[in-house]
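Asks: Take this structure first; my questions come after.
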Amino acid sequence: MIAAGDAVLVLNAGSSSIKFELFEARDGAPVARFGGQVEGIGAAPHFVAQDAAGRRLADRRWDGAAAPADHRAALGVIIEWLDGVLAGRRVAAVGHRVVHGGPDLAAPVLVDDTVMNALQALSPLAPLHQPHNLAGIAAATERFPGVPQVACFDTAFHRAHAWEADTFALPPEFYDRGIRRYGFHGLSYEYIARTLAAEEPALAAGRIVVAHLGNGASLCAIHGGRSVDSTMGFTALDGVPMGTRCGQIDPGVLLHLIGTEGMDVAAVQRLLYGNAGLKGMSGIGQDVRDLEASVDPRAAGALSHFAWRVRREVGALAAALGGIDALVFTAGIGENAAGLRARICEGLGFLGIVLDPALNAANAPEISGPGAATRVLVRPTDEEGMIARHVLALLQRSENA
Ligand code: ADP
């Protein structure tokens, strides 16, 4: 039972960090109150927390053995800090971002032992993320006994894709074994689709391409609020180049690296996940601001390639939708990098995409030029807020059941 003022805690546990956001339930809707993270778990942990206005409320590092050594201990640090700001209010539920819900989980679920086992069985599909997400659930279950734990999946929003969109051109038994295109960033796309439906229902009923461009990057084709296709596939490596990930790559390159050049699988994995994309291409780093400020031609090359590939995918997804009514930019790069947005949209006039340079430079909510046939929007995403909404909705449904 959710009462006024109850809190919902949202956790996003990654390989070396736990991000959190605390929401208050007000009239059944989540209102963000505090957020932060412990990063550098296992190395040099650093805890920060801020309020909803961005005011820094905590900033802590540790010496030697006193440092939280694992996810469980890091969550302990977060909870100890939250105890102070909760001031007696109850944490009524904990929502978790979980990367993989597999072929079947198309909506958030209340976690019990059966669900936990099913999610563990999916770990081989996302070995770099899923085990950490599940460690977060295990730690929160231990710290909040009896409190509902809700898993929300990055794959869920894409589960209504047609088979044609999700299969690889392999014999059918591979698809049946789960080797298929799942798509990720679903919580971000769902948030954008829902926000747009509330703001502009007629537009949201149409054909929208959303470009979620952050450290991880993908694009999604949405029709009538439902995902039709996405650039990410079996893993979050596919699609457009990212901060440190390669994006789409000819699978023959991998055969060559392993078979001819003698790289082992671990080395290829390190290359594709950690030393490719903007960082690998530039030799400088993954942050677009650093690359824009650099005079190194490799930085300029990395940005040009990024814009080229994103533009190509906008065209491909417009084709998947049979047309395009709006292009929406979101996430760190999508919301802030006006220069890259302009370069992505260059040459997309044939799709009715024409930017207004001044509106684009100002990161305005709508950046398309006057009379452009296709609207181009800039919207902040809020994956944690989406999780909090799911948690409240699920608790409401189980109360009514
Ligand atoms: P994550 O995928 O880790 O959530 P974000 O969505 O926060 O990432 O995006 C982070 C990226 O956004 C940064 O690495 C940087 O490249 C880009 N970014 C943020 N602010 C700006 C800005 N003002 N101009 C250009 N790029 C920016």
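Asks: Running Debye on the stretch 23-119 with equal point scatterers at the Cα sites and no solvent, what base-10 log of I(q)/I(0) appears at q = 0.11, 0.12, 0.13, 0.25 Å⁻¹?
Replies: -0.46, -0.54, -0.63, -1.27
Asks: Output needed: percent of Cα pairs per 10 Å distance bin for the stretch 144-251, bins running from 0 to the one holding the longest distance.
Replies: Bins of 10 Å from zero give 14, 40, 30, 13, 2 percent of pairs.
Asks: Next up: How do Ser123, Ser188 rank by accessible surface area computed with a 1.4 Å probe, from largest to smallest?
Replies: On the way: Ser123 20, Ser188 0 Å².
Per-residue accessible area, sorted high to low, gives Ser123, Ser188.
Asks: Now a separate question. If DNA, RNA and ligands are ignored and the probe is 1.4 Å, what is the ranking of Arg33, Arg379 by accessible area, most exposed first? Mind showing how you got there, number by number?
Replies: Values: Arg33 75, Arg379 35 Å².
Result, largest first: Arg33, Arg379.
Asks: Sorted from largest to smallest, which semi-axis lengths in Å does the alpha carbon gyration tensor of the chain give for its equivalent ellipsoid, taking the root of 5 times each eigenvalue?
Replies: With the √(5λ) rule applied to the chain, the semi-axes are 33, 26, 23 Å.
Asks: Counting only protein heavy atoms, what percent of the accessible surface of the chain is carbon or sulfur at a 1.4 Å probe? Display every interim value, and only then the final one.
Replies: Numbers: 9730 of 17710 Å².
Answer for the chain: carbon and sulfur cover 55 percent of the accessible area.
Asks: Further, regarding this structure: Report the equivalent ellipsoid semi-axes for the stretch 1-75 in whole Å, largest first, defined as the square roots of five times the eigenvalues of the gyration tensor built from alpha carbon atoms. Don't skip to the answer; put the middle values down first.
Replies: Working: eigenvalues 147, 35, 16 Å².
Each semi-axis is the square root of five times an eigenvalue, giving 27, 13, 9 Å.
Asks: Scan around Leu348 for amide H atoms under 5 Å from its own, H built in the peptide plane at 1.01 Å from N, and keep only partners 5 or more places away or cross-chain.
Replies: Here nothing satisfies the definition.
Asks: Report Rg(Cα)/(2.2 N^0.38 Å) for the stretch 310-352, keeping two decimals.
Replies: In units of the globular-protein estimate, the stretch 310-352 measures up at 1.14.
Asks: Would you work out the Kirkwood radius for the stretch 50-193? I mean one over the mean of 1/r across all pairs of different Cα atoms, in Å. Don't skip to the end; give the middle numbers.
Replies: Values: mean 1/r = 0.0572 Å⁻¹.
After inverting the pairwise mean of 1/r, the radius is 17.5 Å.
Asks: So, for the chain, what is the accessible surface per residue at a probe of 1.4 Å, expressed in square angstrom?
Replies: Numbers: 17710 Å² over 401 residues.
Per residue, the chain has an accessible area of 44 Å².
Asks: Given the DSSP H assignment, sum -39500 (n - 2.57) over each helix run of at least 4 residues in the chain and divide by its residue total; what's the result at 222 nm in deg cm²/dmol, nearest 500?
Replies: Values: 16 runs with 155 residues, N = 401.
Result for the chain, helices only: -11000 deg cm²/dmol.
Asks: Tell me, in nm to one decimal, what length is gained between Asn363 and Ala293 on full extension, where the rule is 0.36 nm per residue of separation less the Cα-Cα distance?
Replies: Working: separation 70, 0.36 × 70 = 25.20 nm, distance 1.88 nm.
Gain on extension, Asn363 to Ala293, equals 23.3 nm.
Asks: Would you mind calculating the relative contact order of the stretch 42-97 from Cα pairs under 8 angstrom and at least 6 residues apart, reporting the percent as a whole number? List each step's numbers first, then the result.
Replies: Numbers: 34 pairs, mean separation 13.4, N = 56.
Relative contact order here is 24 percent.
Asks: Place the peptides 35-45, 84-94 in order of packing, highest mean first, counting for every residue the other Cβ atoms within 10 Å and averaging per peptide.
Replies: Order by mean packing, descending: 35-45, 84-94.
Asks: Turning to a different aspect of this structure: Accessible surface of Glu384 in the full protein assembly, 1.4 angstrom probe, to the nearest 10 Å²?
Replies: 40
Asks: Once whole DSSP H runs in the chain are found, which of them have Cα atoms spread over 27 Å or more along the helix axis and a mean Kyte-Doolittle score of at least -1.0?
Replies: Values: long enough: 297-321 (36 Å, 0.33).
In the chain, the long hydrophobic H runs are 297-321.
Asks: Could you give the distance between the Cα centres of the stretch 43-97 and the stretch 279-337, to the whole Å?
Replies: 33
Asks: Moving to a separate point now. Mind ordering 246-258, 68-80 by average Cβ neighbours within 10 Å, highest first?
Replies: Taking the mean over residues of other Cβ atoms within 10 Å, the ranking is 68-80, 246-258.
Asks: Hey, how many Å between the Cα centroid of the stretch 157-178 and the Cα centroid of the stretch 246-262?
Replies: Centre-to-centre distance over Cα atoms comes out at 23 Å.
Asks: To continue, here is another question. State, in angstrom, two size descriptors of the stretch 260-360 derived from its alpha carbons: Rg to one decimal place and Dmax to the nearest whole number.
Replies: Gyration radius and largest Cα-Cα distance of the stretch 260-360: 16.1, 51 Å.
Asks: Taking Cα centroids, how far is the stretch 355-387 from the stretch 4-37 in Å?
Replies: 27
Asks: Based on DSSP, what percent of beta bridges with both residues in the chain are antiparallel, to the nearest 5? Don't skip to the end; give the middle numbers.
Replies: Details: 42 of 61 bridges.
Taking every DSSP beta bridge with both residues in the chain, the antiparallel ones total about 70 percent.
Asks: Compute from the Cα atoms of the stretch 67-139 the Rg and the Dmax, the latter being the longest Cα-Cα distance, and quote both in angstrom.
Replies: Expressed in Å, the Cα Rg and Dmax of the stretch 67-139 come to 14.2, 41.
Asks: May I ask for the net charge around Ala165, where only other residues with Cβ less than 10 Å from the Cβ of Ala165 are counted and Lys, Arg are +1 while Asp, Glu are -1?
Replies: -1
Asks: Using amide H atoms built in the peptide plane, which far-off residues or other-chain residues are under 5 Å from Glu366 H to H?
Replies: Counting only residues 5 or more places away or on other chains, the set is Val378.
Asks: Work through the residues other than Leu11 whose Cβ is under 11 Å from its Cβ and net out their charges, Lys, Arg +1 and Asp, Glu -1. Kindly include the intermediate steps, with their values, before the conclusion.
Replies: Values: positive: Lys19, Arg97, Arg143; negative: Glu21, Glu384.
In short, +1.
Asks: Pairs of alpha-carbon atoms within less than 8 angstrom and 6+ residues apart define the contacts here; what relative contact order does the stretch 103-207 have, in percent? Walk me through the numbers before you get to the answer.
Replies: On the way: 90 pairs, mean separation 28.9, N = 105.
Taking the mean separation of contacting Cα pairs over the length of the stretch 103-207, I get 28 percent.
The values are calculated or read from the model by the stated rules, or taken from the named source; none is laboratory data. Source: prediction; values computed, not measured. Note: ideal-geometry Cβ built from the backbone for every residue, glycine included; neighbour counts use all protein chains shown. All accessible areas refer to the heavy atoms of the entire protein, side chains included, with ligands and DNA or RNA removed. Shrake-Rupley method; radii C 1.70, N 1.55, O 1.52, S 1.80 Å.
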